[in-house]
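The values are calculated or read from the model by the stated rules, or taken from the named source; none is laboratory data. All figures in this text were calculated on a predicted structure; none of them were measured in a lab. Here the Cβ positions follow ideal geometry from the backbone for every residue, glycine too, while neighbour counts run over all protein chains shown.
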Amino acid sequence: MRAHVRVPCSTSNIGAGFDCVGMALDRWLVAEARLDAGAGAEPRLVRLGALAVLGDAPAGDDLLVRGFALACADAGRAMPPGLRPEDTSEIPVARGLGSSAAALVARALLDDALLGLGLGAARVAELGATEEGHPDNVAPMLFGGAVLGLPAGDGRWTFAPLPLHADVAAVVAIPEFHTSTKAMRGALPRELPGGTAVRAGDRSPALVRGRTTGDRALQAHALDYLLHVPFRRALIPGYDAVVAAATAAGAWGATLSGAGSSLIALAPRGRAPAVADAVRPGWRAAGLAAEVWVAPVATAAQVGG
């Protein structure tokens, strides 16, 4: 028995969408698995593409296997013996583009397809959001486009698509260094002044409305988010230079993709190539190489037999 899936990468937070808004982008993790009844019980992983950097990490520590376990546990089933997964990914690891979430989603979807668990994308999104603690990566991967996710209690989540104006384009700059989500979380303060929290509150509706209408001022306001960006930017060499270059070239603004190290700029579609060209020198000035990509919005994860 065999199944395969394709899961897109995602950019999350997008400024004021901290821990609740994400968008699927057109780079993919492709995963395939088969059940071999004559093989041993321990999963035997094959990691290709961007996943090769994980080397021979134990299967028990791998989110690709964790996704299987989550799906089985939710359906009240045991992990099947003879699991043989193989994965190839275009999603760079530890760059703020959801590589871990994509692995989790891929395995849960494969388990659902292989074992006929009947979970479906919505339940896999809930399982992934609960496991990660936030829905902003897994939700767009499973539903496509831009998605808002909110906790509904008792392990349940509410998801809603966010329309994207036709003139809004994303430019992603992926530097050669990676970040630790744990370290980036640790950079956040435990408390904030009340005035800061109040000023941050108006930026979430500005993000949603700006993306829907293409309004420049609203998007610029929303991208520089007070609750996390000021505390994380110092951990990203070249951040200020890249953001300034993107804005000068016509972007509405730029911010961290997830917890970094990648940055995402939103720009009018016609200005996106110029923005991409402009941000490269910002990284070079910091002594870093970076891949810069005008990123199409992706559709939902795809499952096949």
Scan the stretch 41-62 and tell me whether some residue there is modelled with pLDDT of 60 or more and surrounded by 15 or more Cβ atoms within 10 Å (Cβ to Cβ). no
Filtering the stretch 261-305 down to residues that are surrounded by fewer than 24 Cβ atoms within 10 Å (Cβ to Cβ) and part of a loop (DSSP other than H, G, I, E, B) yields ALA286, GLY287, LEU288, ALA289, PRO296, ALA298, THR299, ALA300, GLY305
Single condition GLY15 does not satisfy, out of (1) part of a loop (DSSP other than H, G, I, E, B); (2) at pLDDT below 70: (2)
Step by step: first the residues of the stretch 250-260, then only those that are outside any loop (DSSP other than H, G, I, E, B) and under 15 Å from the mean Cα position of the chain (by Cα), then the one that is farthest from LEU97 (Cα to Cα). Which residue is that? THR255
Taking the stretch 133-155 as the region of interest, how many residues are touching a helix residue (DSSP H, G or I) at 6+ places or on another chain (Cβ under 6 Å) and surrounded by 13 or more Cβ atoms within 10 Å (Cβ to Cβ)? 8
Answer from GLY116, GLY120, GLY145 - the residue that is touching a residue at least 24 places away in the same chain (Cβ under 8 Å) and not basic (Lys, Arg): GLY145
Check whether at least one residue in the stretch 178-191 is surrounded by 12 or more Cβ atoms within 10 Å (Cβ to Cβ), in contact (Cβ under 8 Å) with a residue 24 or more places away in the chain and closer than 24 Å to ALA278 by Cα, and report yes or no. yes
Whether any residue in the stretch 230-238 is surrounded by 15 or more Cβ atoms within 10 Å (Cβ to Cβ), more than 27 Å from PRO161 (Cα to Cα), within 18 Å of the chain's Cα centre (by Cα) and not β-branched (Val, Ile, Thr) is what I want to check. yes
Just checking, which of ALA173, ALA183, ALA166, ALA160 is over 16 Å from the mean Cα position of the chain (by Cα) and farther than 30 Å from ALA122 by Cβ? ALA183
